[in-house]
Every structure is written in structure tokens, then in C-alpha cells.
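Encoded as C-alpha cells, the structure appears first; notes follow it.
The values are calculated or read from the model by the stated rules, or taken from the named source; none is laboratory data. All of these numbers come straight from a predicted model, not from anything done at the bench. Methodologically, a virtual Cβ is constructed for each residue, glycine included, from the backbone with ideal geometry; neighbour enumeration extends over all protein chains shown. These accessible areas exclude ligands, DNA and RNA; they are computed on the full protein's heavy atoms, side chains included. Shrake-Rupley method; radii C 1.70, N 1.55, O 1.52, S 1.80 Å.
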Amino acid sequence: MVAKFDLNDDQVVVIIGTGAGGGVLANELAQKGVKVVALEAGGRYLPEDFVNDEWESFGQLAWTDARTTSGSWRVAKDFAGLPAWIVKAVGGTTTHWAGASIRFQDHEWKALTTYGAVEGANLLDWPIDGAEMAPWYEKAEAKLGVTRTGDRAGLPGNNNYLVFEKGAKALGYKEVHTGRMAINSADYDGRMACQQTGFCFQGCKWGAKWSAAYTDIPRGEATGNLEVRDHAHVARILHDDTGKVTGVEYFDKDGALQMQKARIVCVAGNSFESPRLLLNSASSMFPEGLANSSGMVGKNYMRHTTGSVYAIFDKPVRMWRGTTMAGIVQDEARHDPSRGFVGGYELETLSLGLPFMAAFLNPGGWGRGFTTALDHYENMAGMWIVGEDMPQLGNGVTLSETKDQHGLPVANVNFDDHPNDVAMRNHAYRQGIAMYEAVGATRVFPTPPYPSTHNLGTNRMSAEAKDGVVNKWGQTHDIANLFVSDGSQFTSGAAENPTLTIVALAIRQADHIASEMAAGAI
Amino acid sequence: MTKHDLRGLTRRQLLSRSLAAGALAVTGAGFIAAPNAAWAVEVTVITPDQMATLLQMARDIYPHDQVPDPFYAVAVKGYDSEDMKALVAEGVTALDAAARAAGFDSYVAAGWEEDRVKLLQGIETTPFFQTVRAGLVTGLYNQKEVWPIFGYQGESFSQGGYIERGFNDIDWL
């Protein structure tokens, strides 16, 4: 029985966004008997709706509402209106994500302590650590069915992986395998095993990859404690004279402005929309935006140091067959400043279909230097770099002059690489190229970063209120009944794909919120 | 990023004919056609010469010698529209002026690709060039019919994925 709550019900928890953070939090709270209204800007799409065609799927799922960009990153030139490739739908970017699910390394929770002060970077330690998070990671891995955790087997390696593995071993890498993936290697939790179909980024039509859209969301709804309102675009969070939040205003599917009262508000719209909403909620009491006494809302944006290496061989690879990202080298994820940078990076297999390869291999490129690469598409292998980038005060989200379809200022995303990011990327390019050359590559392509998929840090967690936006529970330092529940909480980015950590934090946050509510503290 | 935009209004009629390649010829009012008459593009708003220029530009910007002309024709057919008319007229005029300054009768009349590419490099930053180039990224490479030429297989869900159809069949490592 799906719940339906009254707009004037001031005892509900309102969650804004239904992805890895909001979607999981909504279900976890509902399971504990907490009444939840989840507001999702996008529509509902399930496996039968997903489309295995790159551009058509992009049109179906991607957030294409206006955003603007600035800074020296190449994305601002090549994809000025598309700083991120993330999803606007129930389940959020858990429909699109590759499924890589790896824990932070212990030292990464303490970036400032481990790396020391880095000039130009605004590093900080998380107020939590690996020991604190271990049990929550275990719950998250069980929820997602992560391979190579618990008693779950790894996925088999596809052609792209077999090339990658041979190159990695030729270089002497030891930690090489098909990844810890939230993609079933055998039937698990009512979802079937991976059929090696490709198109993981377009939504898994088998449901073999975990997505909140068809797990946590319907399970939460089945409790009778969760109401998900789709096509509900939140405009503003409201507060009373004491500074406590009291509800949210949102545009419903017909474009009408509604107001939902709330006991607690949790923001989980990702690292662009969450700070944008806090900034757009500025009032006479909070002229710089909600929860922004530190001035850190929207600051310290991180996107991981990324890039890709593609290579052409003299024989076919057919990298698009099978799981898009089931392959990893972890040897470079360590912190080893002798390489010329702090932090580390992962190398992960990746493939794009021909249409997206044409768009992303070398954006803006043309002529035979470009087209002879695509001529050998069938003989291509590919990998993605994902490494820790430096939080910087100048990187982040501010309100743009541009307005969206509701008349609300959109997010402007400013980004410049830190010299540490550049040094790491160049190291990773060299290693990736060496891997493929060891297997006989005849041509290699150090490919620039795509529009961001890992968006982190713009409402960061800090021990001290002056250093960040939220405390160790994701509760804002300034407003006791306002929480942040997505990747914007990240104090530092670490080298790992962030979804597993977002999910673990959401499960932990649900436990905290439910116990604080029971105690009458919020 | 250019949104999904197949400029395929006449694709069906184009592709219902054989995919013979060959130099383009302006054959008279309202048409350009392959010399062997295997296919033709009708234009109603822009001139046949302008369409021939766009087709040559498409081949020079994204040259794939194994891809026949009709795919390129589909990719630029959308410029035969009132919205694009002025951009095309100004752009082609400027490109041909640059060609004459370089000693050719026109851009299309320059016989070597290297010469035509130099002319295109001269207009690379113009809105005309950038519009045509960006449009081709989806207009050319998002034609499902062109994918097999590159070996790309597209969706596999309808066939049960690759789990029993070669996801790990590489045999040369």
C-alpha cells in the first residue's frame, strides 16, 4: 500500500532526490517506520523502459536542464551546458552508474593528516574513519550484492577485460581482477545474473545491476511509509523564526507551486543541485543561503581526476560486448608521493558505443587523425582513470545568471585542475598506455575527461562548523533538522568510485535520524 | 552537446536505393545526384550547389572512405531548411571566396582533400563550420545503418546479450 501524505503533515521527513543517497535513505527510514515524502525532479523508468541506444537513452534519463560552466577545464569549452552526465529520474544516477563498488582505503578518510597541507588545496580530514564505516560498508555491500564481497563471486572477464588484464600483468600489477561490482554474478536478492549485454550506462534491462529505482524505492513504498512524488522540482527550503526548517516549496508535474510541510528535510540532489537549492533558499535570516555560516556551501567541488585511455590493436577486441566496467587495477590506488603527486588512482575498464566514442574520444576533433581512430573501432580497447582530486575553494557551484524552466537561477559549475590532479592524470595516462603497448597496441589515445559523473564535496562534512557544512551524521552544523544525504557531503574524494560510500553513509544516517527522532531530539 | 537529432527526413528514400558511392553531381534544378544515378538528394530551400558543398564538407570533416555518400547526405539533409538557409548561404560564400583566393574555382572544385582541409581550417572557428561539424557527430555516427560498417553491433538485449555470443571470445592474446 503506497502511502499518500498530506501537504500539511508536518511530521514527515522530506527527502529531496531519490538516488544512491536519497533513495536509500528513503527506504531505510520507511523500513524503520518513519514517514517519508521523497520529491524527485525526474520521472519513473524501470528496466522495461530503458533503451539500449546511447543518444536515445541520454534523452530519456540525463539531467539536461540548464547549467552553466566556467573555469579552465576542457568540459567548459566542449560541453558548456553539460558539466555532468548524471540522471534525472526516480533512482537518480543509480540507473546510469557503472556499478563499481569499492571501499575507501583507511588513510583516505584522513587526507590532510596523510598528505599534509598541499598548496592551493583545501584538504581536510573526515570526522569519521574506516573503523567507524566498516559495518556500514558491510551493510551497503549486502544491499547492493557487490561481487567479491561476502560470499559473492566475481564477474567473468569480457574481451575488453582480457586485454586490460594481460597488459596489467605484463607491467607487474598484482591487484587486477573483474572488480567489486554491484552487478550480479549469480541471481541475488530477487535480481538475475548479468547477461553480458553491455549498455550498463543506459540502465540495466535485466535488473542485474543494482539501482534504487527497482530495489529500495519499491521496497520503501511497500512499507506504506514512503510516498515518492516524481516530476516534483524543489524550489526552496522554508524555515521559521527560530531557524528550523519547516518544509519545502516545489513545482509539481503540472508546474504548480506546492508546499510540503516537514519535520526534517534531507537534501540529496547531488553535488550541483544540493548546494544550488541551499543557495536558492536564502532568506533575510540566512542571506548567504541555508546552512552556509561557514561559507562552504558550493565550495570544494571535486569530480575525481579522470580521463580515459583507448588503444587500437591489429586484431578485433569488440570491447562493447559485456559488462561496461568490470575490470580494475588497484596497484596505483596507494598514497606514494614518490610518483609526484599525493593520493592514488584506480584504472577500470570502460567502453563506449560508436555514437558516444565519436562524441567523446576527442571532442571537437575532426579530419583523418580523428576518423582513422573510429575506422578501427572494432579493434579498440578502453579504460578509465579515477583518482583523488584536490578540493579547492575556487572550484564549485554558484548561482548563475541563467534561469531554469521554473525561473530559478541554475548552477554554474567552475572548475580548474590542481597541479596535483594534472600530475596524477599524466601518470595514469603513461601507465594505461604502457599496459596497452605491452599487449601490442598500434595506436593509443589519452582521452580527456568526460562531463563529470562523480560530483562531490560541495556541502562537505567537517568536525568544526567553520570548515564545512555538515557534521559526521550529514546533519548541517547550522540547522538541526536539515541534513545532506548525497555525495556533496564528501570531505575528500578518495580514489574510489563514490556510490558505495554514499549508500553506506545513507544507511548510517537513516539509523541516526530514526534514533534521534525516537528520542525526540529532532 | 548536440541533442539526438537524426536529420533523416529523406533517409528512407535514399536508402531504399543501392548504396553506390561516387562523386556528386549537380544535375539540375532541385537535385544533386550520384553520377550513376543510384541516389539523389532533393533540395527545396538551399541551392543544389550549396548542398553539394555541404556534402563535400561532411566527407572532409569526418572522412571514412568505406562509408558511402548516402550516409553523409542523410547527415546534412537537415540544412535544407528555412532555419539554416542564411547560415549556409553565408558560410558557403565565404568558403568559396577563400577557395578562389587560394587559386581554385570553388571549394568543391579543389581536387585534393589536403587542399580542401586547409580551406576548412581557415574557417574552423566560424559558427558555420562549428554547426556543421557538431551536427555531424550525431547526424553521421548515430545512423544505425552506418554502425555495421564500423563493426559496431548496437543493442544486444533482444538477442540475450553476449553471455553465449562471444563476450570473451578474443583469441589472439
Q: Considering (1) within 26 Å of A:SER281 (Cβ to Cβ); (2) open to solvent by less than 10 Å² (accessible area, probe 1.4 Å), say which one A:GLU496 fails and leave the rest.
A: (1)
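Mind checking whether some residue in the range B:76-99 is within 14 Å of chain A (Cβ to nearest Cβ) and touching a Pro at 6+ places or on another chain (Cβ under 9 Å)? Break it down stepwise before answering.
Narrowing the range B:76-99 to residues within 14 Å of chain A (Cβ to nearest Cβ): none.
Checked against the condition, which is being within 14 Å of chain A (Cβ to nearest Cβ) and touching a Pro at 6+ places or on another chain (Cβ under 9 Å), the range B:76-99 yields no hits at all.
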Q) Right, A:ALA510: of a type in the set (A, V, I, L, M, F, W, C), crowded, with 24+ Cβ neighbours inside 10 Å and over 20 Å from A:MET325 (Cα atoms) or not? A) yes
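Filtering the range A:304-340 down to residues that are of a type in the set (Lys, Arg) and over 25 Å from A:MET357 (Cβ atoms), which residue is least open to solvent (accessible area, probe 1.4 Å)? Full working, then the answer.
Keep residues of the range A:304-340 that are of a type in the set (Lys, Arg), which gives A:315, A:318, A:321, A:334, A:339.
Remaining after also requiring over 25 Å from A:MET357 (Cβ atoms): A:334, A:339.
On the way: A:ARG334: 98, A:ARG339: 33 Å².
Taking the candidates together, the pick is A:ARG339.
Do we find a residue being within 30 Å of A:GLY42 (Cβ to Cβ) and of a type outside the set (Lys, Arg) anywhere in the range A:362-369? I'd like the intermediate steps shown before the answer.
Step one: list which residues in the range A:362-369 are within 30 Å of A:GLY42 (Cβ to Cβ), which gives A:363-364.
From the residues that got through so far, the ones that are of a type outside the set (Lys, Arg) too are A:363-364.
Yes: one or more hits.
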Q. Quick check: is even one residue across the range A:417-438 within 14 Å of chain B (Cβ to nearest Cβ) and open to solvent by less than 40 Å² (accessible area, probe 1.4 Å)?
A. yes
Q: Would you check if there is a residue in the range A:11-18 being touching a strand residue (DSSP E or B) at 6+ places or on another chain (Cβ under 6 Å) and either of a type in the set (Lys, Arg) or farther than 24 Å from A:PHE251 by Cα (or both)?
A: no
Q | Any chance A:ARG67 is among the basic types (Lys, Arg), touching a Phe, Trp or Tyr at 6+ places or on another chain (Cβ under 6 Å) and either over 20 Å from A:THR402 (Cα atoms) or within 13 Å of another protein chain (Cβ to nearest Cβ) (or both) | A | no
Q) In the range B:155-168, how many are assigned to a loop (DSSP other than H, G, I, E, B) and more than 7 Å from chain A (Cβ to nearest Cβ)? A) 2
Q: Report, by residue number, each residue of the range A:274-288 that is touching a residue at least 12 places away in the same chain (Cβ under 8 Å) and either surrounded by fewer than 23 Cβ atoms within 10 Å (Cβ to Cβ) or over 16 Å from A:VAL14 (Cα atoms) (or both).
A: A:PRO275, A:ARG276, A:LEU279, A:ASN280, A:SER283, A:MET285, A:PHE286
Q.
Every residue in the range A:171-195 that is among the small types (Gly, Ala, Ser) and either touching a Pro at 6+ places or on another chain (Cβ under 7 Å) or within 11 Å of chain B (Cβ to nearest Cβ) (or both), please.
A. A:ALA193
Q: Tell me which residues, restricted to the range A:70-116, are assigned to a helix (DSSP H, G or I), within 13 Å of chain B (Cβ to nearest Cβ) and open to solvent by less than 10 Å² (accessible area, probe 1.4 Å).
A: A:VAL75
Q: State whether the residues of the range B:100-117 include one that is acidic (Asp, Glu), out of contact with any Leu (no Cβ under 9 Å at 6 or more places or on another chain) and part of a loop (DSSP other than H, G, I, E, B).
A: yes
Q.
Name the single residue that is surrounded by the fewest Cβ atoms within 10 Å (Cβ to Cβ) among those in the range A:341-378 being at positive phi and facing chain B (nearest Cβ under 9 Å).
A. A:GLY364
Q) Where residues in the range A:381-408 are over 23 Å from the mean Cα position of the chain (by Cα) and farther than 30 Å from A:PHE164 by Cβ, which of them is most open to solvent (accessible area, probe 1.4 Å)? A) A:GLU401
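Somewhere in the range A:363-379, is a residue in contact with a strand residue (DSSP E or B) (Cβ under 7 Å, 6 or more places away or on another chain), more than 19 Å from A:ASP78 (Cβ to Cβ) and of a type outside the set (Lys, Arg)?
Filtering the range A:363-379 down to residues in contact with a strand residue (DSSP E or B) (Cβ under 7 Å, 6 or more places away or on another chain) leaves A:373, A:376, A:379.
After this cut, where a residue has to be more than 19 Å from A:ASP78 (Cβ to Cβ) as well, the list is A:376, A:379.
Narrowing the set further to residues that are of a type outside the set (Lys, Arg) leaves A:376, A:379.
There is at least one residue in the range A:363-379 that is in contact with a strand residue (DSSP E or B) (Cβ under 7 Å, 6 or more places away or on another chain), more than 19 Å from A:ASP78 (Cβ to Cβ) and of a type outside the set (Lys, Arg).
In the range A:240-268, which residue that is hydrophobic (A, V, I, L, M, F, W, C) and outside any strand (DSSP E or B) is most open to solvent (accessible area, probe 1.4 Å)? Steps first, answer last, please.
Narrowing the range A:240-268 to residues hydrophobic (A, V, I, L, M, F, W, C): A:245, A:248, A:251, A:256-257, A:259, A:262, A:264-268.
Now drop any that are not outside any strand (DSSP E or B), which leaves A:256, A:262, A:268.
Numbers: A:ALA256: 41, A:ALA262: 8, A:ALA268: 11 Å².
Filtering the range A:240-268 for residues that are hydrophobic (A, V, I, L, M, F, W, C) and outside any strand (DSSP E or B), the one most open to solvent (accessible area, probe 1.4 Å) comes out as A:ALA256.
Can we say B:ALA37 is farther than 17 Å from B:TRP112 by Cα and modelled with pLDDT under 95? Give the derivation first.
On the way: farther than 17 Å from B:TRP112 by Cα: yes; modelled with pLDDT under 95: yes.
Taking the combined requirement at face value, the residue satisfies it.
Can you tell me which residues in the range A:249-305 are hydrophobic (A, V, I, L, M, F, W, C) and over 24 Å from the mean Cα position of the chain (by Cα)? Talk me through it step by step, then tell me what you get.
Step one: filter the range A:249-305 for residues hydrophobic (A, V, I, L, M, F, W, C), giving A:251, A:256-257, A:259, A:262, A:264-268, A:272, A:277-279, A:282, A:285-286, A:290-291, A:296-297, A:302.
Of everything in the range A:249-305, those that are hydrophobic (A, V, I, L, M, F, W, C) and over 24 Å from the mean Cα position of the chain (by Cα) turn out to be A:PHE251, A:ALA256, A:LEU257, A:MET259, A:ALA262, A:ALA282, A:MET285, A:PHE286.
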Q) For the range B:51-70, how many residues are modelled with pLDDT under 95 and within 14 Å of chain A (Cβ to nearest Cβ)? A) 0
Q. Of all the residues that make up the range B:69-96, how many are crowded, with 20+ Cβ neighbours inside 10 Å and under 27 Å from B:TYR152 (Cα atoms)?
A. 9
Q.
Pull out all pairs, ordered by first then second residue, where Cβ-Cβ is under 9 Å, the residues are six or more apart or on different chains, the first lies in the range B:147-173 and is without any contact (Cβ under 8 Å) to a residue 40 or more places away in the chain and closer than 18 Å to A:THR324 by Cβ, and the second is β-branched (Val, Ile, Thr) and open to solvent by 20 Å² or more (accessible area, probe 1.4 Å).
A. B:GLU155/A:VAL51
Q) Can you name the residue in the range A:137-159 that is surrounded by 24 or more Cβ atoms within 10 Å (Cβ to Cβ) and among the aliphatic types (A, V, I, L, M) and is also nearest to A:GLY322 (Cα to Cα) among such residues? A) A:LEU155
**Q.** Filter result (more than 14 Å from chain B (Cβ to nearest Cβ), assigned to a loop (DSSP other than H, G, I, E, B) and of a type in the set (A, V, I, L, M)) within the range A:290-324
**A.** A:LEU290, A:ALA291, A:MET296, A:VAL297
**Q.** Those residues of the range A:325-349 which are part of a loop (DSSP other than H, G, I, E, B) and either touching a residue at least 24 places away in the same chain (Cβ under 8 Å) or under 15 Å from A:MET435 (Cα atoms) (or both), in sequence order
**A.** A:MET325, A:ALA326, A:GLY327, A:GLN330, A:ARG334, A:HIS335, A:GLY340, A:PHE341, A:VAL342, A:GLY343, A:GLY344
Q: Could you please find all residues in the range A:161-191 being under 24 Å from the mean Cα position of the chain (by Cα) and crowded, with 24+ Cβ neighbours inside 10 Å?
A: A:TYR161, A:THR178, A:GLY179, A:ARG180, A:MET181, A:ALA182, A:ILE183, A:ASN184
Q.
Which of the numbered conditions does A:ASP129 fail, given that it passes all the others? Conditions: (1) within 14 Å of another protein chain (Cβ to nearest Cβ); (2) over 30 Å from A:GLY440 (Cα atoms); (3) acidic (Asp, Glu).
A. (1)
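Give the residue, chosen from B:LEU120, B:LEU173, B:LEU136, B:LEU140, that is within 11 Å of another protein chain (Cβ to nearest Cβ), within 26 Å of A:GLN195 (Cβ to Cβ) and either open to solvent by 60 Å² or more (accessible area, probe 1.4 Å) or at pLDDT 95 or above (or both). Steps first, answer last, please.
Details: B:LEU120 fails: within 26 Å of A:GLN195 (Cβ to Cβ); B:LEU136 fails: within 26 Å of A:GLN195 (Cβ to Cβ); B:LEU140 fails: within 26 Å of A:GLN195 (Cβ to Cβ).
That would be B:LEU173, the only listed residue that is within 11 Å of another protein chain (Cβ to nearest Cβ), within 26 Å of A:GLN195 (Cβ to Cβ) and either open to solvent by 60 Å² or more (accessible area, probe 1.4 Å) or at pLDDT 95 or above (or both).
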